[in-house]
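The values are calculated or read from the model by the stated rules, or taken from the named source; none is laboratory data. These numbers were taken from a predicted model, which means no experiment stands behind them. Cβ sites come from the backbone with ideal geometry, for glycine too, and all protein chains shown count toward neighbours.
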Amino acid sequence: MKKQGFTLIELLVVVLIIGILSSIALPQYEKAVMKARAANAYQIVASINTAQQMANLENGTKGEIYPFEELSLSFVNADGTPATGYYYSAKDYSFSLNRKTEQTQMEPAAAVLKNTSIYLSINNGRRACGVVDSSNTSEVSLCKAIVGSSTAASSVCVSGSVCYIE
């Protein structure tokens with residue numbers, strides 16, 4: 001009578017194949033998750049910029065940056081408290097409101113992805129991704145994957161960073 005089952009060699013081959021496939025798929029999965037977080041951050045940055053424009057229209061001002069509590073949209077921090085002032089922190093990123101100056105063309109809101117040195121903003125309607133530490137090749141490649149590999153002028157980005165724009 002023949003016993004049913006797998007041999008040890010067959011099981012080891014299956015485990016080896018699964019290990020190889022997961023080592024290939026895991027980095028791609030992490031990039032996809034980061035791109036999804038970046039897309040969400042861009043959506044929120046666009047909402048903040050629109051709320052800033054609406055506040056300027058309502059108050060008859062031009063280029064004024066209003067704190068979060070004065071905007072028509074409400075933003076909630078990761079701890080559940082309402083965002084106030086010019087900064088708030090979500091689960092995967094933090095947002096800050098910037099005043100436009102002569103040196104920068106950045107829109108009022110910018111997002112920083114947590115646990116990275118990547119910041120995201122929308123400049124003149126185009127998505128931008130900047131890397132503060134340009135020696136970090138994984139973050140540079142992530143920025144390029146998010147918005148493309150076209151570099152932006154330093155006047156459009158945060159000084160001291162490498163910036164890519166779509």
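The number of residues in segment 113-133 being crowded, with 20+ Cβ neighbours inside 10 Å, of a type in the set (Gly, Ala, Ser) and farther than 10 Å from CYS157 by Cα comes to 0.
Return yes when ASN56 is of a type in the set (S, T, N, Q), in contact with a Gly (Cβ under 9 Å, 6 or more places away or on another chain) and surrounded by 11 or more Cβ atoms within 10 Å (Cβ to Cβ) and no when it is not. So ASN56 fits the description; yes. The set of residues from segment 117-144 being in contact (Cβ under 8 Å) with a residue 60 or more places away in the chain and not in a strand (DSSP E or B) comprises just one member, LEU142. Condition first: among the small types (Gly, Ala, Ser) and part of a loop (DSSP other than H, G, I, E, B). Now tell me which residues in segment 77-93 satisfy that. Answer for segment 77-93, where residues must be among the small types (Gly, Ala, Ser) and part of a loop (DSSP other than H, G, I, E, B): ALA78, GLY80, ALA83, GLY85, ALA90. Once segment 50-76 is narrowed to residues that are among the acidic types (Asp, Glu) and assigned to a helix (DSSP H, G or I), the residue that is farthest from TYR88 (Cα to Cα) is GLU58. Remark: MET1 matches the filter, which requires a residue to be at pLDDT below 85 and hydrophobic (A, V, I, L, M, F, W, C). Restricting segment 33-52 to residues that are loosely packed, with under 14 Cβ neighbours inside 10 Å and not β-branched (Val, Ile, Thr), the residue that is nearest to GLU139 (Cα to Cα) is LYS35.
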